[in-house]
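First the structure, in the form of structure tokens, and then the observations on it.
The values are calculated or read from the model by the stated rules, or taken from the named source; none is laboratory data. All of these numbers come straight from a predicted model, not from anything done at the bench. FYI the Cβ positions are ideal-geometry reconstructions off the backbone, even for glycines, and counts take in every protein chain you see.
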Amino acid sequence: MPDNDQLMKDTVMKMPVPSFDDPAFTEPPPLQEARVAIVTTAALSRKGGVSNWQLQDFHFETLPSDARDLELGHVSPNFDRSGFHADINVVYPIDRLEELAAESVIGSVASNHYAFAGNQSDSVSELRLDTGPACAAQMLKDEVDVVLLTPV
Amino acid sequence: MSTLAHVFEAAGLSTVVITPMRFIAEKMKTPRSLYAEFPLGLPLGKPRDAKFQRDVLRAAFALLERPEGPVLEDFPESIQGKDSEPLVCLLPPRFNPDLHPAVDEAKALRSAYDRAIAVNGRTSVGRVVTADEIPSALEKFVRIADGEPWDQHGFDGPLMFVAHDIRTYYEELVFEITDSDFEAWGAERWFYEKTEAGKLIFEVSQKMKEEGAPPMEWYMLAPGSRH
């Protein structure tokens, strides 16, 4: 069977991507003082929320830091989904962050984390103008410094 | 993901992306990217391997020390899924010969699924059908394979969502019945190549393709490389 990962990479390589002129580059505090949040595109939700995700979906879900009853809503058949079923940390490394905070490698773990769908519009204008800034505002309110982004 | 990184940086947050696609980080000038050549769906590389996951996180967070961007570094270890074998496990023997083998199989595997739920405390089955409805969903796939029009399936959602639920049911329970170590794509290969349910869903996808169904309807019933 052909390599499905390579097939997807070849497909994505041909797709147009948005450009960002003069992109921002925000200097973080020292890692030992930084408050860290996770943002993933695995379309995660809490128990009972998996049917919230639609074929093209621009909303995001808020995941409290102590939640482990997470469901995978990303329906594409073109990624390994069994890793998440075996261990959520391979997509959403919440337990690893808690350990790094306990070891004072990072300052603290954010109160909430966030999940988007991977299937956005071609222009990604919703992410740029609406849901992306709204998610950023929630994280700033929680005094987050650093965002770890995990795509699926 | 790179779009979100740019939006977050503009809002005053520092970001690190763990990406399996180096060319995207290069094209989009993602502020900070750790290129991790891992199979899609496994950004931290290895499930149930806390040390490996911590190593990936430490490599990602190290990028925050750079004074200027964009920053793009490679994680030193890669993982390939292209040559992995299907997970090895015994499937239940036929119990009710009056049922289609896929329906009989799904019913017999229910106790393994329930054990997986008890162990994990979660399930991703439920986009369209619940675990209780998996056998009847497979009966519908049987009828489509036997000639019933696919576009009159009657589910409360797209057929690909139902296939997602069935595959998820199997891929959650498989870790309760296999002694194989985790391998990327191993569960997917087990599902489509070894189980009656996976074979049935793929058969339906090919029948829909032959009948001229819209590509999105049949293509998404199985990974692209299988078509």
Checklist entry - Listed residues A:ASP10, A:ASP69, A:ASP95; which is part of a loop (DSSP other than H, G, I, E, B) and surrounded by fewer than 24 Cβ atoms within 10 Å (Cβ to Cβ)? => result A:ASP69
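Does B:ILE177 satisfy the condition of being in contact with a strand residue (DSSP E or B) (Cβ under 9 Å, 6 or more places away or on another chain), surrounded by fewer than 22 Cβ atoms within 10 Å (Cβ to Cβ), closer than 24 Å to A:ILE88 by Cβ and modelled with pLDDT of 95 or more? Break it down into steps so the answer makes sense when it comes.
Numbers: in contact with a strand residue (DSSP E or B) (Cβ under 9 Å, 6 or more places away or on another chain): yes; surrounded by fewer than 22 Cβ atoms within 10 Å (Cβ to Cβ): yes; closer than 24 Å to A:ILE88 by Cβ: yes; modelled with pLDDT of 95 or more: yes.
Against the criterion (in contact with a strand residue (DSSP E or B) (Cβ under 9 Å, 6 or more places away or on another chain), surrounded by fewer than 22 Cβ atoms within 10 Å (Cβ to Cβ), closer than 24 Å to A:ILE88 by Cβ and modelled with pLDDT of 95 or more), B:ILE177 qualifies.
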Checklist entry - Hey, among the residues in region B:180-227 that are of a type in the set (A, V, I, L, M) and more than 29 Å from B:ARG115 (Cα to Cα), which one's surrounded by the most Cβ atoms within 10 Å (Cβ to Cβ)? => result B:VAL204
Checklist entry - Out of region A:98-139, which residues are over 21 Å from A:LEU44 (Cα atoms) and either in a helix (DSSP H, G or I) or of a type in the set (Phe, Trp, Tyr) (or both)? => result A:GLU99, A:LEU100, A:ALA101, A:ALA102, A:SER125, A:LEU129
Checklist entry - Within region B:26-35, can you find the residues that are surrounded by 18 or more Cβ atoms within 10 Å (Cβ to Cβ) and either facing another protein chain (nearest Cβ under 7 Å) or free of Cβ contacts under 8 Å to residues at least 24 places away in the same chain (or both)? => result B:MET28, B:LYS29, B:PRO31
Checklist entry - Is it true that A:SER45 is of a type in the set (Gly, Ala, Ser) and within 8 Å of chain B (Cβ to nearest Cβ)? => result no
Item to check | Of all residues in region B:1-25 being more than 7 Å from chain A (Cβ to nearest Cβ) and in contact (Cβ under 8 Å) with a residue 24 or more places away in the chain, the one that is farthest from B:SER78 (Cα to Cα) | outcome: B:SER2
Checklist outcome for this item: Pairing a residue in region A:1-28 that is touching a residue at least 60 places away in the same chain (Cβ under 8 Å) with any residue that is part of a loop (DSSP other than H, G, I, E, B) and aromatic (Phe, Trp, Tyr), where Cβ atoms lie under 8 Å and the two sit 6 or more apart in sequence or on different chains, gives A:ASN4/B:TRP185; A:MET8/A:PHE79
Item to check | Condition check for B:ALA59: out of contact with any helix residue (DSSP H, G or I) (no Cβ under 9 Å at 6 or more places or on another chain) and over 23 Å from A:ARG81 (Cβ atoms) | outcome: yes
Next on the checklist: Can you find, within region A:125-152, the residue that is modelled with the lowest pLDDT among those that are surrounded by fewer than 22 Cβ atoms within 10 Å (Cβ to Cβ) and among the aliphatic types (A, V, I, L, M)?
Outcome noted: A:LEU129
Checklist entry - Counting only residues that are more than 9 Å from chain A (Cβ to nearest Cβ) and part of a loop (DSSP other than H, G, I, E, B), which one in region B:184-227 is farthest from A:THR11 (Cα to Cα)? => result B:THR195
Item to check | Number of positions in region A:85-99 that are at the interface with chain B (Cβ under 7 Å from one of its Cβ atoms) and touching a residue at least 60 places away in the same chain (Cβ under 8 Å) | outcome: 1
Next on the checklist: Condition check: outside any helix (DSSP H, G or I), in contact with a Phe, Trp or Tyr (Cβ under 7 Å, 6 or more places away or on another chain), of a type outside the set (Gly, Ala, Ser) and loosely packed, with under 15 Cβ neighbours inside 10 Å. Does B:ARG94 satisfy that?
Outcome noted: no
Checklist entry - Restricting attention to region A:13-56, which residues are within 24 Å of B:THR30 (Cα to Cα) and not in a loop (DSSP other than H, G, I, E, B)? => result A:MET13, A:LEU31, A:GLN32, A:GLU33, A:ARG35, A:VAL36, A:ALA37, A:ILE38, A:VAL39, A:THR40, A:LEU44
Item to check | Candidates B:GLY126, B:GLY212, B:GLY157, B:GLY198 - the one that is out of contact with any Pro (no Cβ under 7 Å at 6 or more places or on another chain) and free of Cβ contacts under 8 Å to residues at least 12 places away in the same chain | outcome: B:GLY212
Item to check | Lone unmet requirement of (1) more than 7 Å from chain B (Cβ to nearest Cβ); (2) acidic (Asp, Glu); (3) surrounded by 17 or more Cβ atoms within 10 Å (Cβ to Cβ) for A:ASP5 | outcome: (1)
Checklist entry - In region B:36-77, how many are within 8 Å of chain A (Cβ to nearest Cβ), part of a loop (DSSP other than H, G, I, E, B) and among the basic types (Lys, Arg)? => result 2
Next on the checklist: Given the criteria more than 30 Å from A:PRO2 (Cα to Cα) and at pLDDT below 95, does B:ARG94 qualify?
Outcome noted: yes
